[in-house]
1. Does residue 251 satisfy the criteria of being buried (at least 19 other Cβ atoms within 10 Å of the Cβ), not in a helix (DSSP H, G or I) and not assigned by TED's automatic domain parsing to the domain that holds residue 166?
2. With the checklist (1) closer than 30 Å to residue 245 by Cβ; (2) crowded, with 20+ Cβ neighbours inside 10 Å; (3) modelled with pLDDT of 95 or more in hand, flag the one item residue 33 doesn't pass.
3. For the stretch 205-244, what are the residues that are within 30 Å of residue 326 (Cβ to Cβ) and over 19 Å from the mean Cα position of the chain (by Cα)?
4. Can you find a residue in the stretch 41-50 that is under 30 Å from residue 272 (Cα atoms), touching a strand residue (DSSP E or B) at 6+ places or on another chain (Cβ under 8 Å), modelled with pLDDT of 95 or more and outside any loop (DSSP other than H, G, I, E, B)?
5. Considering only residues that are part of a loop (DSSP other than H, G, I, E, B) and crowded, with 24+ Cβ neighbours inside 10 Å, look in the stretch 301-312 and name the one that is nearest to the chain's Cα centre (by Cα).
6. Pull up the stretch 51-85, narrow it to residues that are assigned to a strand (DSSP E or B) and surrounded by 15 or more Cβ atoms within 10 Å (Cβ to Cβ), then point me to the one that is nearest to the chain's Cα centre (by Cα).
7. For the stretch 201-221, give me each residue that is in a loop (DSSP other than H, G, I, E, B) and either modelled with pLDDT of 95 or more or under 30 Å from residue 278 (Cα atoms) (or both).
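The values are calculated or read from the model by the stated rules, or taken from the named source; none is laboratory data. As the structure is a prediction and not an experimental result, all values here were calculated from the model. Quick reminder, even Gly has a Cβ in these numbers, built from the backbone with ideal geometry, and neighbours come from all protein chains shown.
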């Protein structure tokens, strides 16, 4: 019996969660130390088991069980990759244990969808004796996710696979959606795609959870409708976002706290204007209160992700732990749950064991 253990970190957006969907095509994300763990073993039966549901499947890819479309597509694309490399398929059992959601099932917004797909694909490939690098895995997960939804930007996938802070520039969306991409395409350049690490070693994260889970897809659909009907405003938003995200990238690389703060404020202000302009409740009252407390202690906080619910995030120097504690205490008083998160530097990790 062969056994592969896969560990996948969570992710949070630092900037660009909506800009990534426009001509700006760019974002900054950070991988965090909450994990999805997968135990994958060769087996006489194809089984997937997690607290989200249960599936059984065979080597002809017939599935019976709960409606777990992400899991199904990851398994299907894993075997497509295996077939492409002319390796005989093996049945596997997959057990998933996640820290990416609250114990009652509510999501923190840490990228659990991307994590489950990346983890299954990585594990299936490794257990068949094959290899895949981070860029190839990013492309393979993107192809699998495309079968379910065209709305994914790929930022979460890039973050959890690569780890640490990254600057992400999205691939050409029209090309991606309108081209019939095979497994071979993961070994070829994708137009406009960039994934670049950003070294950040003198700053720490501060994260607060609103207690509300929000479906990113709902807001993304509303945003895409708005942008289609408001091209001039969208162009303005894209151009400003493009400039601020690059300035924030520079500040992070230079360890320039003053400009890190400056451009976190600027990208948050863009989100607040976007809320007013679109009517999409990105910046809910919970975020307004969270940001106000951060401002009191001269620490900019911004929405991370689709907004309304999920998490708010800030970056502050390592020597500002007392400030961090004061903010967290006041968040607790208004019902915001501080989450202690550190940067996960390694990204997805898998090891193969013989039993």
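1. Numbers: buried (at least 19 other Cβ atoms within 10 Å of the Cβ): yes; not in a helix (DSSP H, G or I): no; not assigned by TED's automatic domain parsing to the domain that holds residue 166: yes.
Against the criterion (buried (at least 19 other Cβ atoms within 10 Å of the Cβ), not in a helix (DSSP H, G or I) and not assigned by TED's automatic domain parsing to the domain that holds residue 166), residue 251 does not qualify.
2. It fails just one condition, (2).
3. Selection gives 244 alone.
4. Within the stretch 41-50 (the criterion being under 30 Å from residue 272 (Cα atoms), touching a strand residue (DSSP E or B) at 6+ places or on another chain (Cβ under 8 Å), modelled with pLDDT of 95 or more and outside any loop (DSSP other than H, G, I, E, B)), the answer is no, since none of the residues qualifies.
5. As a first pass, look at the stretch 301-312 and keep what is part of a loop (DSSP other than H, G, I, E, B): 301, 305-310.
Going one step further and asking which of them are crowded, with 24+ Cβ neighbours inside 10 Å, we end up with 301, 305, 307, 310.
Details: 301: 19, 305: 9, 307: 14, 310: 13 Å.
Result: 305.
6. At the first step, the residues of the stretch 51-85 found to be assigned to a strand (DSSP E or B) are 53-57, 63-65.
If we keep only those that are surrounded by 15 or more Cβ atoms within 10 Å (Cβ to Cβ) too, we end up with 55, 57, 63, 65.
On the way: 55: 24, 57: 27, 63: 27, 65: 27 Å.
Looking at residues that are assigned to a strand (DSSP E or B) and surrounded by 15 or more Cβ atoms within 10 Å (Cβ to Cβ), I get 55.
7. Step one: list which residues in the stretch 201-221 are in a loop (DSSP other than H, G, I, E, B), which gives 201-202, 210-215.
Once the filter is applied, which keeps residues that are in a loop (DSSP other than H, G, I, E, B) and either modelled with pLDDT of 95 or more or under 30 Å from residue 278 (Cα atoms) (or both), the stretch 201-221 yields 210, 211, 212, 213, 214, 215.
Yes or no, residue by residue, for (1) modelled with pLDDT of 95 or more; (2) in contact with a helix residue (DSSP H, G or I) (Cβ under 8 Å, 6 or more places away or on another chain):
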{"residue": "11", "(1), (2)": "yes, yes"}
{"residue": "15", "(1), (2)": "yes, yes"}
{"residue": "18", "(1), (2)": "no, yes"}
{"residue": "39", "(1), (2)": "yes, no"}
{"residue": "60", "(1), (2)": "yes, no"}
{"residue": "86", "(1), (2)": "yes, no"}
{"residue": "92", "(1), (2)": "yes, yes"}
{"residue": "99", "(1), (2)": "no, no"}
